[in-house]
Amino acid sequence: MCPYCQAENAESALVCASCARDIAVPATLIAERDDLLRKRDQLRDELTRARDEVEAIMRRRKSR
């Protein structure tokens, strides 16, 4: 799909057949995106674990 005009194009298309805009995404950008998504997921997991630890500490303090 063309991000500009939403026309369908062949998967290997470099230019949109409808609006003639450049639609190629370099492999390096795809790899960088995948790496950033992986890092984001790791940070979300760390945040969830830290939040759970803080909540457990708060529960223990309240039960004293």
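A short reminder: the numbers here are calculations on the coordinates, not readings from a lab. Owing to the predicted nature of the structure, the values given are computational and were not obtained by experimental measurement. Because the Cβ atoms are built from the backbone with ideal geometry, glycine has one as well, and the counts that use them run over all protein chains shown.
Report summary: the helix-based calculation at 222 nm, which adds -39500 (n - 2.57) for every DSSP H run with n ≥ 4 and divides by the residues of the chain, gives -20500 deg cm²/dmol.
Roughly how many Å is it from the Cα centre of region 1-19 to that of region 42-64, as a whole number? After rounding, the separation between the Cα centres reads 47 Å.
About its Cα centre, the dipole of the chain is roughly 880 debye, where the only charges are +1 on Lys and Arg Cβ and -1 on Asp and Glu Cβ. Each of [x] 40; [y] 66; [z] 54 is a candidate for percent of Cα pairs over 16 Å apart; the one calculated from this structure is [y]. Sequence-distant contacts, meaning Cα pairs under 8 Å at least 6 residues apart, place the relative contact order of the chain at 16 percent. In degrees between 0 and 90, to the nearest 10, how far off the longest principal axis of the chain does helix 27-62 point, with axes built from Cα atoms? Orientation of helix 27-62: about 20 degrees from the principal axis. Ordering Val25, Ala7, Leu37 by the projection of their Cα atoms onto the charge dipole of region 6-64, which places +1 on the Cβ of Lys and Arg and -1 on the Cβ of Asp and Glu, puts Leu37 at the extreme positive end.
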